[in-house]
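A.B. asks: One structure follows; several queries about it will come next.
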Amino acid sequence: MVTVAPPRSEVSPSWAYALHLPRDARAVRIARVTLRAVLAGHGMGQLIDNAELLTSELVTNAYRHSDGPAFLRLRGPENGRRVRVSVWDSNPYIPPPFDRRPGLPRHVPPEAHGGRGLLLVRHYAEAWGGYPLGDGLFRVWWEAAVVRDRAARHRDGSGHLVRGRSAGDAAGAALSWRKRHAA
């Protein structure tokens, strides 16, 4: 089979992909694989590791806290240097901290088995939010950009972009995430 990529002049400067995810534990991995392919295909490879972490948290919450399917949308605007990832499901409840304006994160007791995923999204995304769509649906989203200015970058131990956070924080979060999601 021959695969042909369109010339750069034919590639749309803005793009969007959507994925319907059934209520199935495998949906989280499928969302990660799809995200990786889309970001690599659009030259945004430096965002892949952090994007997988954040998207996994949103899709996992949709699986754990709703009874139906979830939907994933990946969108890049015309400048091609930014991505917005949205997830929505049939649970009408918008979880904290997405239910209010940015502020201090809620406290999660050390002995708690959950409650940190959306705090990771809030910490590592450049922008994030949540809003009702109507008919009992709500959407949560996060956004990040590819940074061209090397002086504005911090890199973790594997060379991946970490903006505004210490390399140790991102490396620890990524390692913890990889241990939980090995497969």
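Each value in this text was obtained by applying a stated rule to the coordinates, not by laboratory testing. The model shown is predicted, which means the values in this text are computed figures rather than measured ones. Cβ atoms come from the backbone with ideal geometry, glycine included; neighbour counts cover every protein chain shown.
A.B. asks: Using 7 Å Cα-to-Cβ label points, what is the A145/I94 separation (nm, one decimal)?
C.D. replies: Modelled inter-label distance: 2.4 nm.
A.B. asks: For a label point 7 angstrom out from the Cα of W15 toward its Cβ, which stretches of segment 40-61 have the backbone nitrogen within less than 17 Å?
C.D. replies: From segment 40-61, the list is 40-49, 51-52.
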